[in-house]
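What follows is a set of notes on a single structure, which appears directly below.
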Amino acid sequence: MIGWMRHTPRWSVISVCVIAAVLLFVGASAHAADLLSHGLHPYAWAPSRLNLYWSSLALFDTLAAVFLIRGERLGIDLACAIMATDLAANWYADYGIQHSSFAAQPGLQRLTVFAALVLGTAPFVRRHLAQ
């Protein structure tokens with residue numbers, strides 16, 4: 001498996017990095033807007049730890065995007081950590097707290113697709129990024 005990962009076309013690595021960086025900047029903008037308009041607790045229904053985590057993504061999403069644009073491995077590593085934890089937090093919030101369904105949550109659907117993109121392409125992309 002490792003051998004064919006090494007042969008990932010450069011254009012596909014660049015495409016994934018650009019798409020992920022743009023979407024991370026979109027997420028950072030949304031979290032920053034929530035932070036600026038509602039403070040550290042933008043969602044009254046959510047526990048403090050989730051509110052603080054989502055507010056911190058204004059910084060972490062931006063960092064991951066910048067590292068990806070610079071072609072650094074830390075960008076894809078941070079993006080994977082963000083996507084895994086953000087997806088878990090949102091699934092918990094939707095199912096455990098709000099008792100909602102996946103079909104009723106378009107934001108969760110988009111986040112799941114984005115997480116699949118980042119996590120699914122990370123092994124291919126990471127090999128081509130600088131330490």
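A few remarks follow.
- Helices (runs of 4 or more DSSP H) contained in the range 1-111 and holding at least 1 residues crowded, with 18+ Cβ neighbours inside 10 Å: 10-38, 48-69, 73-91
- Test set (1) within 23 Å of L35 (Cβ to Cβ); (2) at pLDDT below 95 - S101 fails condition number: (1)
- Given (1) farther than 19 Å from L117 by Cα; (2) touching a residue at least 24 places away in the same chain (Cβ under 8 Å); (3) among the aliphatic types (A, V, I, L, M), number of the condition V16 does not satisfy: (1)
The values are calculated or read from the model by the stated rules, or taken from the named source; none is laboratory data. The shown structure was predicted, so the numbers you read here are calculated from the model rather than taken from an experiment. Note that each Cβ is placed from the backbone with ideal geometry, even for glycine, and that neighbours are counted across all protein chains shown.
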